[in-house]
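Take a look at the structure set out below.
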Amino acid sequence: MSRRALLTVATGAIGALAGCNVPFLGPSSPECSGQQITDLSAPRSGPANAPVSVGIYTDFACPHCRDFFLDVYPAVRKRIPQETAHFVYHDFLLPVSKWSYPVASAAREIQRAQSDRAFWTFAKLAYQNQNEYSFDVLEQITRKVKGDPQAVRRAGEQLPYCRLLKRERERGANRGVEGTPTVFVNEQKLEAPSANELVDAITNAKG
């Protein structure tokens, strides 16, 4: 069976909900060992004083999250005024595959070493390469955002953000997140929204 087919089985979400839920098959969450970095806030994009806050809960290995970030998210950003919404990226690792934690940890290293803006660029490139994940691919993506490939590879291998990522998942679960992608527009919960649904929610929230 192909990796894509295994992901489809693992997510168990086709038909009922276009999203990834806790997989029946798949890896367990890793143990958090070694030196851990926990003082890093969730990556943000857009003006902090925007009237609408959009919180996105996602897993780098979830195919539906890939579709959201490559299709829905950019369409929404084009359709709403820049000053309208403030976007916050929340890791909610199920995990879908063995790459959930390594890619998320690599992305957080980009954020810590560079900026939130670099994180969002890295995230887009990661989703574009979701079917080809490897540490070599993470290094290639890092070069495109002018980061340190060796540092990012170490982050993916050693998981120094493991505890932070687990804490993010716990906070998401406490907020009512059950699968990915889940989006909160202020406090309105949307599960795997389309671009139209998300634009409507943001517009209504702005008032």
Exercise for review: Over all alpha-carbon pairs of segment 74-135, lay out the pair-distance distribution in 10 Å bins, whole %, shortest bin first.
Suggested key: 19, 47, 28, 6
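Within 11 Å, Cβ to Cβ, of ALA18, how many net charges do the neighbouring residues add up to if Lys/Arg are +1 and Asp/Glu are -1?
Here the count lands on -2.
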Exercise for review: Would you kindly calculate the translational diffusion coefficient of segment 14-152, applying Stokes-Einstein with the Kirkwood radius from alpha carbon pairs, for 25 °C and a viscosity of 0.890 mPa s, and quote it in µm² s⁻¹ without decimals?
Suggested key: 155
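Could you grab the Rg to Rh ratio for segment 70-205? Cα atoms only, Kirkwood for Rh. Each step should come with its number before you reach the end.
Details: Rg = 15.4 Å, Rh = 15.8 Å.
With Rh from the inverse mean 1/r over Cα pairs, Rg/Rh is 0.97.
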Exercise for review: Would you please state which residues of segment 33-52 a label at GLU157 would reach in this model, taking the label point 7 Å out along Cα→Cβ and a backbone N cut-off of under 19 Å?
Suggested key: 33-37
Practice item. Based on the mean of other Cβ atoms within 10 Å per residue, sort peptides 47-55, 62-70 so the most packed one is first. Key: 62-70, 47-55
Revision key, fill the gap. Here the Cα Rg-to-2.2 N^0.38 Å ratio for segment 33-102 is 1.29
Check your understanding: How much of ARG112 can a 1.4 Å solvent probe reach, expressed as accessible area in Å² and rounded to 10?
Key -> 120
Revision key, fill the gap. Toy charge model, Lys and Arg Cβ at +1, Asp and Glu Cβ at -1: the chain dipole around Cα centroid in debye, rounded to 20, equals 320
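So which of LYS78/LYS206; LYS98/LYS146; LYS78/LYS189; LYS78/LYS146; LYS124/LYS144 end up more than 19 Å apart, counting from Cα to Cα? Each step should come with its number before you reach the end.
Numbers: LYS78/LYS206 16 Å; LYS98/LYS146 26 Å; LYS78/LYS189 22 Å; LYS78/LYS146 26 Å; LYS124/LYS144 11 Å.
Checking Cα-Cα distances, LYS98/LYS146; LYS78/LYS189; LYS78/LYS146 exceed 19 Å.
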Point to revise | FRET efficiency, 1/(1 + (r/R0)^6) with R0 41 Å, evaluated for ALA113 and GLU197 via beta carbons | key: 0.70
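Can you tell me how much longer the chain between LYS124 and ARG171 gets when fully stretched, taken as 0.36 nm per residue apart minus their C-alpha distance, in nm with one decimal?
Values: separation 47, 0.36 × 47 = 16.92 nm, distance 2.37 nm.
Between LYS124 and ARG171, full extension yields 14.6 nm more.
Let me check I've understood the local charge: for PRO51, count other residues with C-beta under 14 angstrom from its C-beta, Lys and Arg +1, Asp and Glu -1. What total comes out? Before the final figure, lay out the partial values.
Working: positive: LYS206; negative: GLU83, GLU187.
Surrounding charge for PRO51 is -1.
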Practice item. Considering the options LEU40, PRO30, HIS86, tell which one lies farthest towards the positive end of the dipole of segment 18-137, charges being +1 on Lys and Arg and -1 on Asp and Glu at the Cβ, about the Cα centre. Key: HIS86
Point to revise | Choice from GLU191, GLU31, GLU109 showing the highest fluctuation, given a GNM over the chain with Cα pairs closer than 10 Å | key: GLU31
Review point. Please state the Cα pair-distance histogram of segment 128-207 with 10 angstrom bins from zero: what percent is in each bin?
Key: 15, 28, 30, 25, 2
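The values are calculated or read from the model by the stated rules, or taken from the named source; none is laboratory data. Since we're looking at a predicted model, the values are computed, not measured. Neighbour counts run over all protein chains shown; Cβ positions are idealised from the backbone, glycine included. Calculation scope for accessible area: heavy atoms of the full protein, side chains included, ligands and nucleic acids excluded. Shrake-Rupley method; radii C 1.70, N 1.55, O 1.52, S 1.80 Å.
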